[in-house]
Structure formats: C-alpha cells, structure tokens
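The values are calculated or read from the model by the stated rules, or taken from the named source; none is laboratory data. Quick caveat, the model's predicted, so the values are computed rather than measured. Neighbour counts are summed over all protein chains in view; Cβ atoms, including those assigned to glycine, are modelled from backbone coordinates with ideal geometry. Accessible surface is based on the protein model in full, side chains and every heavy atom, while ligands, DNA and RNA are left aside. Shrake-Rupley method; radii C 1.70, N 1.55, O 1.52, S 1.80 Å.
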Amino acid sequence: MIIENDAGLRRDSSRELPGPRGAAALKFVWGFYRDPLAAFNSAAREYGPFFHLKVGPYTLTHVAEPGHVYHVLHSDNYEMSGVFAPSQPLVGEGLATNKSESWLRQRRMVQPVFHQQQIACFTEAIAGKTATALETWRGPAGRGEIVSVMEMALALNHQILLKTLFGVDYGLETEWILQAMNVTRDYMARRLRAPVSLPATWPTPGNRRFCQAVQILDQFIYGLIGQRRSSNEGSDVLLMLSQARDQETGEGMSDRELHDEILTLFYAAYEDPANALAWILYLLAENPAAEERLRAEIALTLGGRRPAYDDLRNLSYLTMVVEEGLRLYPPTWSMLRDVVADDEIDGVAIPKGSLMLVNIYASHRLPDYWPNPDVFDPTRFTPEQPAGRPRYAYYPFSGGSRQCIGSAFAMMEIKVILAMLLQRYRLALVPGVPVRPDTHISLHPAGGLPMIVRNVS
C-alpha cells in the first residue's frame with residue numbers, strides 16, 4: 001500500500017529497495033563513467049526512482065520523488081559530499097561549502113545583494129553586453145551560416161559575470177582569469193568521473209595546473225578586494241559584499257570571507273545560465289509554434305526596444321518557456337550528499353557514511369506530476385498549474401537552506417538575453433546533426449550546439 005502525505009512523501013511498507021547488484025552493479029559503474037546521466041536514468045526506469053546501488057562496502061541511494069527530495073534537502077543529516085573536497089583551495093568556505101556555524105551569518109550578509117531591487121540594477125549592464133555579443137552574428141546571419149550557440153552563450157555569460165561580479169570588462173587582462181577558471185572546473189569534473197584519483201596533494205601535472213590556476217584566481221580576487229576596500233566607486237557584487245554588515249553584530253566580511261563568497265558565486269554561475277539558454281534555443285527550434293507565440297509576446301511588449309527589468313513581469317510566456325526549459329534540461333542535473341548519521345526514508349535504512357544522489361533531471365520527468373514528460377510544453381507553468389504539484393516536483397535551483405542564492409539573477413539574465421536574441425535572429429537546427437546532453441561539469445549540449453542563424457525578416 002502506498003500513501004502520500006502533504007509533502008508528497010510516498011510511504012511503502014517494503015523495507016528493501018531494489019537496485020543493481022553484483023554484475024549489474026559493476027555494469028552500472030562502467031556506464032556511469034561513460035555517461036552518468038544515462039546510467040542513473042536507465043537504472044531509475046528499471047528499478048524506480050528510489051533505489052540502492054551497492055558496490056562492495058559502498059552504498060548510494062538514488063532519490064527523485066518529491067517527498068524523498070524534501071526529506072534530504074531539509075535535513076541536516078545530508079551534507080555536501082566530501083568528493084568535492086579538492087575544490088576547497090579554490091572556493092574555501094563560501095555558502096555552498098561552509099558547514100560551520102558561520103554559514104547562517106554569511107547567508108544573512110549575502111542575501112541582500114540578490115534582492116529584487118539590486119538585481120534590477122544589473123539589467124541595463126546585461127542588456128548592453130548582450131547587444132554587443134549579438135553583433136558578432138550579424139555577418140553570419142546575413143549569409144545564413146552555422147554558428148556555435150554554446151560558444152556565444154558562454155562568452156556572453158562570462159562577460160556578464162566579469163561586469164556584474166567584479167566590475168571589469170573582458171579583455172586581454174581578464175582572459176587569463178577565465179582560462180584559470182576553466183582549468184579548475186575541468187580538474188574537478190575529471191576527478192569526479194575518474195574511477196581512481198591520486199591525492200590532490202601529490203605533485204602530478206594535473207594537480208600542479210590546478211594549484212597554479214588557484215593562485216592566479218587568488219591574485220585577481222585579492223587585488224580587487226584591496227581596491228574595493230579603498231574605494232566606494234562602482235555597483236558590482238564584490239563592492240556590495242565588501243560593504244555588507246551583519247544585522248546582528250554589525251561586522252563585515254574579512255578579506256578571506258569575501259574571497260570565498262565571490263569565487264563561489266563565480267564558480268557556480270560560470271556556465272549554467274549559458275547552458276540553460278542553449279537548451280531553450282534548441283527546444284524553441286524544435287517547437288516552432290511555441291517560438292512564434294514567444295516572438296509575438298516579445299514584439300507586443302517591447303516594440304523592438306531592449307527589455308528593462310519591469311518589462312520582464314509582463315513577459316509571462318517568456319517566463320514559462322524558461323521554466324519549461326529548466327525542467328527538461330536543468331544545468332545542475334543532480335546533487336550528491338554525504339549521509340552523516342543513520343537515517344530512514346519510508347522504512348528503508350539509510351546508513352551513515354553512504355552517499356545520497358538527488359536526481360533533479362529524473363524528478364522533472366516523473367509522469368505522475370508531468371504528463372508526457374519528454375514533451376516541451378510551457379503551459380505547464382501557467383499560474384494555475386503549479387498549485388497541483390508538490391514543491392519538489394520542480395527544483396532547478398535546488399532547495400532548502402542551500403537553495404541557489406542567485407536564482408533570480410540567473411532567471412533575469414536568461415530572459416533578457418533570450419528576448420533580445422529573438423528580436424533579431426532566427427535559429428534552426430542543422431539537418432542530420434544530433435543534439436545530445438553531456439554532463440561534463442554540468443548539463444549542456446554536446447558539440448557546441450551548431451545552429452543556422454538568420455536575420456528576422
């Protein structure tokens with residue numbers, strides 16, 4: 001018998017979970033290192049969204065049902081996994097990694113930076129960077145050429161981050177910063193996927209490159225912190241954080257805390273908005289009726305001008321398109337947690353020291369909450385629709401106390417870019433070129449998503 005409570009938690013009298021065992025488990029592990037997304041979703045189709053993977057002494061529990069996800073994300077028993085420990089020299093103890101009592105203080109100080117009024121101030125800068133980036137497609141669009149959507153989206157996102165986080169523009173003096181960040185992210189992705197990793201302290205070529213990249217980023221960030229400490233000019237996030245004060249103590253952040261928070265934000269937003277934008281453009285190309293409806297709304301609301309922050313609330317279908325894109329292809333497709341103490345979910349023992357994988361991608365495609373889950377349908381997000389779904393049927397920005405603090409900023413950025421791009425260009429898929437997801441670092445279209453660009457007639 002299955003019972004569902006108000007949180008959407010399903011209770012099953014069974015105390016033993018299914019899952020791959022023996023040779024099937026080894027086959028799963030091999031599949032994971034080739035394609036993690038495919039491996040977990042194949043197992044979820046075979047065993048259901050709640051299953052155990054056991055390999056030797058190790059146990060991993062997979063969850064995707066809203067009630068189970070709620071339990072994990074709202075419990076102190078599940079912490080950011082230790083497999084991310086090698087990133088500690090880079091991001092230190094920012095909001096995403098801090099497990100100490102100082103976390104709440106940090107959250108109180110960072111939260112106001114992402115208040116609606118502050119986010120609105122960044123709209124003009126994002127629109128300006130977008131207008132410049134879209135100019136690079138003018139020639140190719142006139143000739144109907146193939147462009148790499150991911151290349152443009154990533155470059156634009158990096159320019160936006162440099163401007164809004166640090167108050168600097170892209171150039172030769174900042175290109176090396178982006179290269180250093182690429183090294184650190186690729187290093188982490190390789191360690192997560194590797195069957196065996198040598199200790200991060202060993203002087204291997206990869207470890208040395210990572211350490212050198214961290215030094216470059218440290219030099220850049222601490223140099224900017226020094227400038228912000230001596231000047232109040234600018235409107236970037238780093239300046240706002242340097243001026244932030246804890247409401248309870250009146251204290252500000254130390255240089256180390258500033259470093260950790262700004263690099264955590266930089267790392268988290270380095271490519272996810274670009275990935276989301278690329279997937280949405282792919283989905284629109286696959287669904288011309290939805291694209292035309294969106295174009296009509298943008299034309300009626302904006303009349304050819306750049307969007308301002310207040311315009312976004314009137315672009316309701318644009319919001320629904322972005323939300324549906326994030327449902328189908330959430331850039332952060334899963335989250336890994338360490339189980340710090342013995343627990344129980346639906347009568348199933350969750351042992352201390354095991355791992356918990358929260359599969360966002362699978363949650364977003366559960367047919368109980370998403371009829372025809374693989375179909376792109378923005379009307380799922382009309383104001384009336386979410387009322388009938390549990391909270392954790394949809395959570396592209398995570399949830400609980402660790403929910404992404406920059407989610408509203410990311411949504412605003414994606415919507416501004418998408419509105420301006422569709423005002424000017426049409427994109428079509430290249431015939432015969434398949435589009436498939438790649439989970440290296442985060443969920444993105446493999447191969448750069450080549451598309452044919454043309455001017456709007």
Scan region 127-139 for residues that are in contact (Cβ under 8 Å) with a residue 40 or more places away in the chain and surrounded by 16 or more Cβ atoms within 10 Å (Cβ to Cβ) and jot them down.
A127, T130, L134, W137
Among (1) surrounded by fewer than 18 Cβ atoms within 10 Å (Cβ to Cβ); (2) over 19 Å from V72 (Cα atoms), the one test that V340 misses:
(2)
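Would you be able to say whether some residue in region 234-241 is outside any helix (DSSP H, G or I), more than 26 Å from the chain's Cα centre (by Cα) and of a type outside the set (S, T, Y)? It would help to see each step written out before you state the result.
First, pick out the residues of region 234-241 that are outside any helix (DSSP H, G or I): 234-236.
Keeping just the survivors that are more than 26 Å from the chain's Cα centre (by Cα) gives 234.
Within this subset, residues satisfying the condition of being of a type outside the set (S, T, Y) are 234.
Yes.
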Take the residues of region 271-286 that are among the acidic types (D, E) and in a helix (DSSP H, G or I): which is surrounded by the most Cβ atoms within 10 Å (Cβ to Cβ)?
D272
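Scan region 326-379 for residues that are charged (D, E, K, R) and more than 16 Å from the chain's Cα centre (by Cα) and jot them down.
First, pick out the residues of region 326-379 that are charged (D, E, K, R): 327, 337-338, 342-344, 346, 352, 365, 368, 374, 377.
R337, D338, D342, D343, E344, D346, K352, R365, D368, D374, D377 - these are the residues of region 326-379 that are charged (D, E, K, R) and more than 16 Å from the chain's Cα centre (by Cα).
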Looking at (1) open to solvent by less than 20 Å² (accessible area, probe 1.4 Å); (2) in a helix (DSSP H, G or I), which is the only condition M411 fails?
(1)
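Among the residues of region 426-457 satisfying the criterion of being among the charged types (D, E, K, R) and more than 24 Å from the chain's Cα centre (by Cα), which is surrounded by the fewest Cβ atoms within 10 Å (Cβ to Cβ)?
If we filter region 426-457 for residues that are among the charged types (D, E, K, R), which is where we start, we get 426, 436, 438, 454.
Filter again for more than 24 Å from the chain's Cα centre (by Cα), leaving 426, 454.
Details: R426: 20, R454: 16.
The qualifying residue surrounded by the fewest Cβ atoms within 10 Å (Cβ to Cβ) is R454.
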For region 39-73, what are the residues that are touching a Leu at 6+ places or on another chain (Cβ under 8 Å), of a type outside the set (F, W, Y) and not in a strand (DSSP E or B)?
A43, P49, A64, E65, P66, G67, H68, H71
Extreme residue, modelled with the highest pLDDT, among residues of region 8-38 that are assigned to a helix (DSSP H, G or I) and farther than 18 Å from R191 by Cα:
A38
Can you work out which of the residues in region 107-126 that are open to solvent by less than 40 Å² (accessible area, probe 1.4 Å) and more than 15 Å from D169 (Cβ to Cβ) is modelled with the highest pLDDT?
T123
Qualifying positions in region 21-43 - surrounded by fewer than 21 Cβ atoms within 10 Å (Cβ to Cβ) and under 25 Å from G347 (Cα atoms)
R21, G22, A24, A25, N41, S42
Residue among N182, N157 that is open to solvent by 10 Å² or more (accessible area, probe 1.4 Å) and part of a helix (DSSP H, G or I)
N182
Residue in region 378-387 that is open to solvent by 60 Å² or more (accessible area, probe 1.4 Å), modelled with pLDDT of 95 or more and more than 19 Å from N275 (Cβ to Cβ) present
no
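Out of G171, G167, G144, G206, which single residue is open to solvent by 10 Å² or more (accessible area, probe 1.4 Å), under 20 Å from D255 (Cβ atoms) and either in contact with a strand residue (DSSP E or B) (Cβ under 8 Å, 6 or more places away or on another chain) or not hydroxyl-bearing (S, T, Y) (or both)? Working first, answer last.
Working: G171 fails: under 20 Å from D255 (Cβ atoms); G144 fails: under 20 Å from D255 (Cβ atoms); G206 fails: under 20 Å from D255 (Cβ atoms).
The conditions single out G167.
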Can you pull out the residues in region 278-319 that are in contact with a Ser or Thr (Cβ under 7 Å, 6 or more places away or on another chain) and either acidic (D, E) or over 16 Å from V416 (Cβ atoms) (or both)?
D311
Can you list residue pairs whose Cβ atoms sit under 7 Å apart, with the first residue in region 347-359 being closer than 15 Å to V55 by Cβ and the second being hydroxyl-bearing (S, T, Y) and in a loop (DSSP other than H, G, I, E, B)? Count only pairs 6 or more apart in sequence or on different chains.
L355/S81
Residues located in region 388-401, provided they are farther than 15 Å from T319 by Cβ, open to solvent by 30 Å² or more (accessible area, probe 1.4 Å) and either within 21 Å of the chain's Cα centre (by Cα) or without any contact (Cβ under 8 Å) to a residue 12 or more places away in the chain (or both)
G388, R391, S401
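Any idea which of L300, L312 is closer than 29 Å to T130 by Cβ, among the hydrophobic types (A, V, I, L, M, F, W, C), out of contact with any Cys (no Cβ under 6 Å at 6 or more places or on another chain) and open to solvent by less than 40 Å² (accessible area, probe 1.4 Å)? Step through it out loud before you land on a result.
Values: L300 fails: open to solvent by less than 40 Å² (accessible area, probe 1.4 Å).
Unique residue meeting the criteria: L312.
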Quick one: which strands (runs of 3 or more DSSP E) lie wholly within region 287-393 and hold at least 2 residues that are acidic (D, E) and out of contact with any Asp or Glu (no Cβ under 9 Å at 6 or more places or on another chain)?
343-345
What number of residues within region 247-270 satisfy the criterion of being under 21 Å from A410 (Cα atoms), open to solvent by 20 Å² or more (accessible area, probe 1.4 Å) and part of a loop (DSSP other than H, G, I, E, B)?
1
